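Visitor: Below: one structure in structure tokens.
Read the figures in this text as sums done on the coordinates, not as results from a lab. As the structure is a computational prediction, the values presented were derived from the model and not from experiment. With ideal geometry, Cβ positions are generated from the backbone for all residues, glycine too; neighbour counts draw on all protein chains shown.
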Amino acid sequence: MARRVVDVLVPVALNQTYSYRVPDDMELKPGDVVGVPLGAREVIAVVWADNHNPDPRLHNRLKDVGEKFDVPSLKAELRHFVDWVANYTLSSRGMVMRMTLRMGEHLGPERVRLGVRLVGEPPQRMTPARRRIIDLLSDGLLHGKSDAAREAGVSTSVIDGLVDEGTLSVEPLPRELPMQPPDADFAQPDFSDQQKTAADSMRALAAADKFQVALVDGVTGSGKTEVYFEAVAEIIRCGKQALIMMPEIALTGQFLDRFEQRFGVRPIEWHSELTPRTRARNWAAVAAGEAQIVVGARSALFLPYADLGLIIVDEEHDQAYKQSDGAHYHARDMAVVRGHIAKIPVVLASATPSVETEVNARSGRYQRVALPSRFGGQHMPHIEAIDLKQGGPQRGHFISPRLAEEVKIAIERKEQALLFLNRRGYAPLTLCRACGHRFSCNICDAWLVDHRFRGRLVCHHCGFSVHRPHTCPQCGAEESLAAIGPGVERLQEEAQALFPEARTLVLSSDLITSIETMRAELNEIAEGRVDIIIGTQLVAKGHNFPRLNLVGVVDADLGLGNGDPRAAERTFQLLNQVIGRAGREQGRGIGFLQTHQPEHPVMKALVASDRKAFYDSEIEARERAGYPPFGRLASLIIAAGDRPGAEGFARQLAAAAPRDESVLVLGPAEAPLAVIKGRYRFRLLVKSTRSFDLSGYLRRWMEQAPKTKGSLTLEIDVDPQSFL
């Protein structure tokens with residue numbers, strides 16, 4: 001009798017399943033995690049379905065499933081979600097499913113960790129490295145082997161040598177205690193009447209146990225987090241799991257503290273900075289239902305929850321929710337999809353909702369839970385525009401006299417000031433005064449950014465860097481290089497010259513060496529050990545700085561001139577969020593916008609604190625142009641090692657597009673960033689009506705389109721967020 005055959009999805013860049021025979025002594029069902037041979041290696045895979053009609057001629061050529069892992073099966077809801085995401089984004093199912101199995105070789109029972117303890121006499125041959133280890137272990141306690149080596153600054157072979165000498169003994173480390181469940185009633189918050197009404201809505205939403213989407217729409221400092229915590233509390237009481245998604249790992253430090261204050265324990269984290277062992281342990285706890293609350297980045301959406309009851313997307317407007325490589329998905333939108341499939345509520349939270357979410361709330365598709373006032377009676381910041389055409393700084397400087405005077409007053413009051421510039425490094429361009437030579441990347445169509453702290457010129461697109469020379473490589477002139485334009489490092493230099501007694505700190509992603517460093521610097525600010533914060537968009541996202549009352553935006557126009565259809569929306573959101581850091585706990589916050597365009601609709605809406613006017617204008621413009629959410633977009637990016645190859649294939653691809661009156665194919669055109677990492681790039685933009693099945697159209701197009709060969713690549717991005 002022929003043995004049972006199952007179709008298995010493997011985590012590689014393929015859309016198809018593979019058929020394997022099931023050994024007689026193995027019980028398998030769809031969703032089980034298995035090991036299967038694939039070529040010369042064995043890979044972790046998932047049983048996707050029974051194959052009831054295998055080709056009998058191929059049966060004896062099929063390979064057997066190698067092993068079944070002792071982990072919970074992936075539920076039908078998650079498998080359906082993987083299929084949906086792959087179908088919508090035109091990604092391979094294998095690559096989407098791979099995101100659910102992000103524990104790699106650490107799958108299965110947790111390995112016993114070994115520790116070392118000082119038990120014997122020092123060795124006869126002593127070295128500085130051995131001395132450091134012995135001093136570290138002189139407390140007689142059991143230390144993790146790798147932890148001890150790292151702390152002492154030695155290799156593990158030094159420890160192994162001391163074990164052989166009898167100086168140290170090796171013992172198993174005790175297993176970590178099981179996770180403590182959060183307590184829904186650990187600390188009841190003291191809500192205002194406005195917050196109480198919103199919190200009641202959140203509890204009702206969570207208790208309803210059905211799919212619906214709510215937008216917690218609250219100004220900065222209004223207590224959105226405390227309000228949606230009430231939905232989490234209700235889920236905890238029901239014994240289910242909740243996922244709280246955040247756009248940046250850096251946001252989680254203060255957030256975890258607030259969660260612990262409310263629920264008595266910390267939730268588990270899920271992001272790229274976790275160690276492999278922690279990652280495997282957290283994955284297993286989620287799959288087994290032991291971890292009730294997960295706080296994570298966008299990939300946490302693909303975890304195999306045992307009983308997911310709620311998804312919260314904090315700062316739902318943030319660009320970081322868009323995955324830009326591999327499967328091009330938007331985590332906010334896919335969170336709504338997973339909620340719909342699992343029949344559970346989804347909460348979106350923002351002070352500046354995306355236009356898509358705002359339109360859904362206005363139409364009634366999403367419930368709006370409004371928090372229009374700050375908690376504790378604090379006022380929203382007063383905002384003024386500084387017209388750089390009339391009151392700009394002197395040549396070679398970037399802080400206007402008016403802004404400098406306001407910063408001086410803030411420091412005298414023992415308050416903090418934030419100077420915001422969304423540009424990393426010292427200067428965006430370096431040129432030679434003698435011959436005009438501009439320093440550009442060798443393999444990208446981009447200028448090299450001067451990073452003065454590191455003494456290097458760096459490409460922000462591919463990472464290429466060179467030491468900043470003292471002479472011009474073009475003409476040989478000495479000390480002729482000039483920095484053009486400001487970055488945050490140059491801004492700090494100017495601030496130190498203007499306010500020599502002030503303590504300054506630059507917050508920029510390229511200066512953060514680890515998440516621990518980031519959290520330590522945020523604590524320094526929160527504790528008042530910094531007078532002037534100089535930051536990029538990293539400071540705009542969810543941080544609470546109690547003594548910060550002044551925000552100066554050094555170049556408010558920076559994001560408006562890049563041709564992006566979402567430029568106005570993103571500028572409004574970013575500036576609103578960064579100014580919203582001011583005046584959250586004491587005093588009256590004030591924000592200054594240094595701009596050459598004070599009459600621009602974004603600047604006028606910010607100064608007037610008229611959010612409705614901005615959204616009215618932006619929604620009308622989108623609807624008139626047929627842009628999302630009133631139409632659909634998809635981006636096709638062709639890249640090759642030579643320009644003619646990329647352009648020629650792009651033209652062939654455009655010619656193969658199926659004719660349809662609901663679709664407009666624009667291009668091909670050279671991408672704004674025409675060369676990245678030595679590869680020439682051309683773009684096609686596909687535009688359709690809202691109700692049109694754009695993913696289906698693209699799939700039909702790809703079936704009849706020419707195939708990529710050699711170094712040619714084609715990248716499809718449905719609902720693109722970037723137009724570079």
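Visitor: Can you work out ³J(HN,Hα) from phi for every residue in region 131-146, in order, using Karplus 6.51 cos²θ - 1.76 cosθ + 1.60 and θ = phi - 60°, giving whole Hz and x for Gly and Pro?
Guide: 5, 5, 5, 5, 4, 5, 8, 5, 6, x, 8, 7, 10, x, 4, 5
Visitor: Strictly under 4.7 angstrom between C-beta atoms: which cysteines of the chain have no such partner?
Guide: Cys238, Cys462
Visitor: Also, quick follow-up: Mean 1/r over all different Cα pairs, inverted: what Kirkwood radius does region 5-101 give, in Å?
Guide: 13.6 Å
Visitor: Moving on to the next point. ³J(HN,Hα) across region 182-197 via Karplus (A = 6.51, B = -1.76, C = 1.60, θ = phi - 60°), whole Hz, x for Gly/Pro?
Guide: x, 9, 4, 10, 4, 9, 6, x, 9, 8, 6, 4, 4, 5, 4, 4
Visitor: Taking the alpha-carbon distance from Lys29 and a cut-off under 24 Å, which lysines remain once sequence neighbours fewer than 8 residues away in the same chain are dropped?
Guide: By straight Cα distance, Lys29 reaches Lys63, Lys68, Lys75, Lys343.
Visitor: Going through region 625-724, which trypsin sites (Lys or Arg not before Pro) have at most 16 other Cβ atoms within 10 Å and a DSSP loop state?
Guide: Arg659, Lys677, Arg690, Lys707, Lys709
Visitor: In whole Å, what are the extents of region 571-724 along the principal axes defined by its C-alpha atoms, from largest to smallest?
Guide: 63, 38, 28
Visitor: If the viscosity is 0.890 mPa s and the temperature 25 °C, what translational diffusion coefficient in µm²/s does Stokes-Einstein give for the chain when Rh comes from Kirkwood over Cα pairs?
Guide: It diffuses with D of about 85 µm²/s by this estimate.
Visitor: Could I ask something else about it? Please list, in chain and number order, the residues 5+ apart from Asp642 or on another chain whose amide H is under 5 Å from its amide H, with Hs placed from the backbone.
Guide: Tyr680
Visitor: Still on this structure, I have one more. Under the rule of at least 5 residues apart or a separate chain, name every residue whose amide H is placed under 5 Å from the amide H of Glu67.
Guide: Amide H neighbours of Glu67, under 5 Å, 5+ apart: Gly35.
Visitor: 5 Å is the cut-off here: which amide hydrogens, built 1.01 Å from N in the peptide plane, fall below it relative to Val265, excluding neighbours closer than 5 in sequence?
Guide: Amide H neighbours of Val265, under 5 Å, 5+ apart: Asp183.
Visitor: Using the Karplus curve 6.51 cos²θ - 1.76 cosθ + 1.60 with θ = phi - 60°, work out ³J(HN,Hα) for each residue of region 50-59 in order, rounded to whole Hz, and write x for Gly and Pro.
Guide: For region 50-59, the Karplus curve yields 6, 9, 7, 10, x, 5, x, 5, 9, 4 Hz.
Visitor: Let me ask another. Under 1.5 on a/c is rounded, so check that first for region 204-266, then, if it is not, pick prolate when a/b is larger than b/c and oblate when it is not; a ≥ b ≥ c are the square roots of the alpha carbon gyration tensor eigenvalues.
Guide: Taking the square roots of the gyration eigenvalues as a ≥ b ≥ c, region 204-266 is oblate.
Visitor: If each DSSP helix of 4+ residues adds -39,500 (n - 2.57) and the sum is divided by the residues in the chain, what number results at 222 nm, nearest 500 deg cm²/dmol?
Guide: Mean residue ellipticity, 222 nm, calculated: -9000 deg cm²/dmol.
Visitor: Have a look at region 324-364 and give its Rg and Dmax from the Cα atoms, expressed in angstrom.
Guide: Cα only, region 324-364: 11.8, 34 Å (Rg, Dmax).
Visitor: Then there's this: Could you give the size of the charge dipole of region 193-376 about its Cα centre, using +1 on the Cβ of each K and R and -1 on the Cβ of each D and E, expressed in debye and rounded to the nearest 20?
Guide: 340 debye
Visitor: Right, something else. Mind pulling up the Rg/Rh value for region 631-718? Radius of gyration and Kirkwood radius, both on Cα.
Guide: That ratio is 0.97, to two decimals.
Visitor: Here is a follow-up. Are there GluC sites (Glu not before Pro) in region 518-581 that DSSP puts in a loop and that have at most 13 other Cβ atoms within 10 Å, and which ones?
Guide: Loop-located and lightly packed - Glu527.
Visitor: Further question: Only Cα pairs under 8 Å and at least 6 apart count here; give the relative contact order of region 541-628 as a rounded whole percent.
Guide: The value is 33 percent.
Visitor: Something else about it: Can you pull the Kirkwood radius for region 426-485, inverse mean 1/r over Cα pairs, to one decimal in Å?
Guide: Kirkwood radius, region 426-485: 11.3 Å.
Visitor: Mind listing P(r) for region 193-376? All alpha-carbon pairs, 5 Å bins, whole percents.
Guide: Going out from 0 Å in 5 Å bins, region 193-376 shows 1, 8, 18, 22, 23, 16, 8, 3, 1, 0 percent.
Visitor: Shape call for region 114-172 from the C-alpha gyration tensor, a ≥ b ≥ c root eigenvalues: rounded (a/c under 1.5), prolate (a/b greater than b/c) or oblate?
Guide: It comes out rounded by the Cα gyration axes.
Visitor: Over all alpha-carbon pairs of region 447-599, lay out the pair-distance distribution in 5 Å bins, whole %, shortest bin first.
Guide: Histogram of Cα-Cα distances, whole percents per bin: 2, 8, 14, 18, 19, 16, 12, 7, 3, 1, 0, 0.
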